[in-house]
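Working notes, structure below.
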Amino acid sequence: MLPHVLLMMTLCQSFEVASVKPSDPNSEGIDFQIFPGKLTMKNATPRALIQFAYKLKSENQITDGPAWLDSKHYDIDAKENDAQIAELSKLSNADRADQLCLMLQSLLAERFNLKVSPQTKELPVYALVIAKGGPKITPTPKPVAGEKPHGQMIHMNGRGELTATDVPVSLLADVLSRQPETEGRVVVDKSGLTGNYSWTLKWTPESPGGPANGAPVDEAAPSFFTAIQEQLGLKLESQKAPVAVLSVERMDLPSVN
């Protein structure tokens with residue numbers, strides 16, 4: 001996947017205009033927002049920017065690079081022109097998201113002189129497998145003829161609660177990869193489950209920091225790993241596996257504007 005993304009990079013358009021500025025040192029958390037014709041990122045580290053641009057599941061998939069990958073923070077405000085907006089509006093949501101990532105890759109190459117190379121490394125991962133007793137997630141029923149298809153959705157109601165409708169288990173693995181409790185390990189779907197499912201997962205966050213969006217934490221909920229097994233009928237097994245990574249060969253401090 002990574003080589004494919006890199007090859008496409010030469011074909012992608014750049015944002016019409018983009019500003020890159022150091023973040024307010026008093027800012028907390030990272031905020032990414034996508035609007036029609038506009039992408040804004042607040043208080044983002046260079047590592048987070050690379051992870052978003054290359055659709056990586058985990059920060060651990062980024063190796064090498066300068067010492068300030070995690071210490072510098074930037075605000076980015078990027079805009080598309082009317083022709084780009086019209087062109088992107090013709091694409092599916094998935095293809096539009098891919099193009100947005102490619103445009104961000106172009107911005108990082110132009111403003112940060114980013115150069116990366118894809119590699120594969122043997123790393124600790126979590127395998128998502130079926131727990132004893134079988135899966136407890138709800139299969140999406142096949143749509144009746146003439147009926148509108150179900151809308152796909154994953155919603156995080158603060159730290160410690162995820163709700164999903166009509167999504168594949170592979171997407172669940174991706175979301176679990178991004179939770180602090182997995183400590184940067186990529187979660188690999190080895191459940192063998194096909195089709196789409198709906199589910200709710202509630203756990204007591206083990207990592208420091210307050211809940212997102214001011215949502216309260218249910219302290220009566222089980223731990224992260226226990227909740228996956230009890231509520232979803234799945235479990236995370238510690239393994240080692242080949243993982244696609246990006247080696248940062250060069251990244252310079254950007255010219256700000």
Query raised in the report: Ranking Asp64, Asp95 by Cβ neighbours within 10 Å, fewest first, what do you get?
Result: Asp95, Asp64
Query raised in the report: Tell me, Val175, Val17 in order of fewest to most beta-carbon neighbours within 10 Å?
Result: Val17, Val175
Query raised in the report: When Val256, Val116, Val187, Val248 are ordered from fewest to most other Cβ atoms inside 10 Å of their Cβ, what list results?
Result: Val256, Val248, Val187, Val116
Report summary line: Excluding residues fewer than 8 positions from Lys90 in its own chain, the aspartates and glutamates with Cα under 20 Å of it are Glu16, Glu80, Asp82, Asp98
Query raised in the report: Rounded, prolate or oblate: which fits the chain when a ≥ b ≥ c are the square roots of the eigenvalues of the alpha-carbon gyration tensor, with rounded for a/c under 1.5 and prolate only if a/b beats b/c?
Result: prolate
Report summary line: In nm, the gap between the two label points placed 7 Å beyond Cα toward Cβ at Glu59 and Thr120 is 2.7
Query raised in the report: Each residue of segment 96-106 in turn: what ³J(HN,Hα) in whole Hz from Karplus with 6.51, -1.76, 1.60 and θ = phi - 60°, glycine and Pro shown as x?
Result: 5, 5, 4, 5, 4, 5, 5, 5, 5, 4, 4
Requested in this report: Between Asp31 and Ala97, with labels modelled 7 Å along Cα→Cβ, what's the label distance in nm to one decimal, could you check?
Outcome: 2.2
Report task. Rank Leu102, Leu114, Leu171 by mean-square fluctuation in a GNM of the chain with C-alpha springs under 10 angstrom and give only the top-ranked residue. Result -> Leu171
**Report entry** Entries in Lys57/Lys132; Lys202/Lys235; Lys57/Lys235; Lys38/Lys121; Lys132/Lys190 that, when Cα-Cα distance is taken, lie over 24 Å
**Finding:** Lys57/Lys132; Lys38/Lys121
Report task. Hey, can you grab everything whose amide H is under 5 Å from the amide H of Ser247? Only 5+ residues off in sequence or another chain; H modelled, so Pro and N-termini drop out. Result -> Thr63, Ser117, Gln119
Report summary line: Restricted to the chain, the DSSP antiparallel beta bridge percent, nearest 5, is 85
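Each value in this text was obtained by applying a stated rule to the coordinates, not by laboratory testing. As the structure is a prediction and not an experimental result, all values here were calculated from the model. In this analysis, Cβ positions are derived from the backbone assuming ideal geometry, glycine residues included, and neighbour counts consider all displayed protein chains.
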